[in-house]
Amino acid sequence: MSFKSIESESNPTYKVLLSYKKGEPKNGYFLVEGQDLVDEAKKEGLLRTLIVPLNTHCPWVDYQIYGLRENLYRSLSSYQSLPTVMGICQKMMDPNVGKRVIYLDKIQDPGNCGTIIRTALSFHYSGLVLSKDSVSLYNSKTIQSTKGALFHLPIYRDDLTAFSQKGYHIYLTTLDGEDESTIKNLEEPFVLVFGNEGQGIRKEYQNLGKKIRIVMSGIDSLNVAIAAGIFMYRFRGC
């Protein structure tokens, strides 16, 4: 174990830590907050560094540990109630997303993104892909909303047309699609696409595959994370 104290905001290492808080990953490094996320990162071998308040006892012996003065620790955290520990993790974008893929087209809300990642893992999808203009995976709210699922699922950022060119079956969730209850299974390899919170799936993607929808009454649309949860449960893996 190597323990280093940081007591000044001008410390170069502290400036790097702050950049991770802003969702500016370098070589896949990013900040997580709380024991639960630190534990999940450790399970997958993705934890690199621990961050604790100065003078805090830390029993973990296999990591570089930074002890921060209280005001610096508070500035680094995104939450009113300070976590007992934070960590620096390293997770690279992974193009090997498998044959049962969730695709998010221009999703802007980090809570929606994180919730969908968590749900995709729960229902045995093989990977998740973000469009290039979707919210950052490394946004602190996205990370927190995944509840650690991002450590266990391959995630990549790419254009949907790349999957069409590779021979994937594309299923687009729209308001004018075929009733999902008439479809027994999605043919693998597939990409199940969810669109922007306000505009849905962009027009240039809508001729890439089959449109499907949830039949509803009394309202014409759902929050994208809720709709995604329904579709993912409906076509869940074993």
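Checking the condition within 28 Å of Ile155 (Cβ to Cβ) and touching a Pro at 6+ places or on another chain (Cβ under 6 Å), which residue from Gly28, Gly23, Gly45, Gly34 passes?
Going through Gly28, Gly23, Gly45, Gly34 in turn, just one is within 28 Å of Ile155 (Cβ to Cβ) and touching a Pro at 6+ places or on another chain (Cβ under 6 Å): Gly34.
List the pairs whose first member sits in the stretch 208-225 and is farther than 19 Å from Glu197 by Cα, whose second member is part of a loop (DSSP other than H, G, I, E, B), and whose Cβ atoms are under 8 Å apart, counting only residues at least 6 apart or on separate chains?
Hits for this filter: zero, empty list.
Looking only at the stretch 181-205, which residues are within 14 Å of Arg100 (Cα to Cα) and in a loop (DSSP other than H, G, I, E, B)?
Asn185, Leu186, Glu187, Glu188, Pro189
Would you pick out the residues in the stretch 149-164 that are surrounded by fewer than 18 Cβ atoms within 10 Å (Cβ to Cβ) and assigned to a helix (DSSP H, G or I)?
Of everything in the stretch 149-164, those that are surrounded by fewer than 18 Cβ atoms within 10 Å (Cβ to Cβ) and assigned to a helix (DSSP H, G or I) turn out to be Thr161, Ala162, Ser164.
Find the residue count for the stretch 110-139, including only residues that are under 11 Å from the mean Cα position of the chain (by Cα), in a loop (DSSP other than H, G, I, E, B) and of a type outside the set (S, T, N, Q).
Residues in the stretch 110-139 being under 11 Å from the mean Cα position of the chain (by Cα), in a loop (DSSP other than H, G, I, E, B) and of a type outside the set (S, T, N, Q): 3 in total.
Could you grab me the full set of residues in the stretch 22-64 that are assigned to a strand (DSSP E or B), surrounded by fewer than 18 Cβ atoms within 10 Å (Cβ to Cβ) and either out of contact with any strand residue (DSSP E or B) (no Cβ under 9 Å at 6 or more places or on another chain) or β-branched (Val, Ile, Thr) (or both)?
Matches in the stretch 22-64: Lys26 only.
Taking only the stretch 213-238 into account, find how many residues are touching a strand residue (DSSP E or B) at 6+ places or on another chain (Cβ under 7 Å) and more than 19 Å from His124 (Cβ to Cβ).
Here the count works out to 5.
Kindly indicate which of Arg48, Arg69 is touching a Leu at 6+ places or on another chain (Cβ under 6 Å), of a type outside the set (A, V, I, L, M) and assigned by TED's automatic domain parsing to the domain that holds Pro25.
Selected residue: Arg69, the only one of Arg48, Arg69 that is touching a Leu at 6+ places or on another chain (Cβ under 6 Å), of a type outside the set (A, V, I, L, M) and assigned by TED's automatic domain parsing to the domain that holds Pro25.
Condition first: touching a Pro at 6+ places or on another chain (Cβ under 9 Å), within 18 Å of Val129 (Cα to Cα), in the same structural domain as Ser131 (by TED's automatic domain parsing) and not in a helix (DSSP H, G or I). Can you find one or more residues in the stretch 206-228 that meet it?
No, every residue in the stretch 206-228 fails to be touching a Pro at 6+ places or on another chain (Cβ under 9 Å), within 18 Å of Val129 (Cα to Cα), in the same structural domain as Ser131 (by TED's automatic domain parsing) and not in a helix (DSSP H, G or I).
Determine whether Ser126 is outside the structural domain of Leu31 (by TED's automatic domain parsing) and either farther than 30 Å from Cys89 by Cα or crowded, with 16+ Cβ neighbours inside 10 Å (or both). Steps first, answer last, please.
Working: outside the structural domain of Leu31 (by TED's automatic domain parsing): yes; either farther than 30 Å from Cys89 by Cα or crowded, with 16+ Cβ neighbours inside 10 Å (or both): yes.
Yes; evaluated as a whole, the condition is true for this residue.
Residues Leu121, Leu137, Leu104: which one is within 30 Å of Tyr233 (Cα to Cα), touching a strand residue (DSSP E or B) at 6+ places or on another chain (Cβ under 8 Å), in the same structural domain as Gly200 (by TED's automatic domain parsing) and at pLDDT 95 or above?
Leu104 is the lone residue from the list that is within 30 Å of Tyr233 (Cα to Cα), touching a strand residue (DSSP E or B) at 6+ places or on another chain (Cβ under 8 Å), in the same structural domain as Gly200 (by TED's automatic domain parsing) and at pLDDT 95 or above.
Between residues in the stretch 51-67 that are farther than 17 Å from Glu33 by Cβ and polar (S, T, N, Q) and residues that are modelled with pLDDT of 90 or more and not in a loop (DSSP other than H, G, I, E, B), which pairs lie under 7 Å by C-beta distance while being six or more apart or on different chains?
Asn55/Gly67; Gln64/Thr49
Quick one: is Asn96 among the polar types (S, T, N, Q) and modelled with pLDDT of 95 or more?
Yes; evaluated as a whole, the condition is true for this residue.
How many of the residues in the stretch 162-180 are out of contact with any helix residue (DSSP H, G or I) (no Cβ under 8 Å at 6 or more places or on another chain), of a type in the set (S, T, N, Q) and under 24 Å from Asn112 (Cα atoms)?
Selection size over the stretch 162-180: 1.
Could you check, for the stretch 3-12, whether at least one of its residues is loosely packed, with under 15 Cβ neighbours inside 10 Å and under 25 Å from the mean Cα position of the chain (by Cα)?
Looking for residues that are loosely packed, with under 15 Cβ neighbours inside 10 Å and under 25 Å from the mean Cα position of the chain (by Cα), one finds none in the stretch 3-12, hence no.
The values are calculated or read from the model by the stated rules, or taken from the named source; none is laboratory data. Please read all numbers here as calculations on a predicted model, not as lab measurements. Positions of Cβ are backbone-derived with ideal geometry, glycine not excepted, and every protein chain shown enters the neighbour counts.
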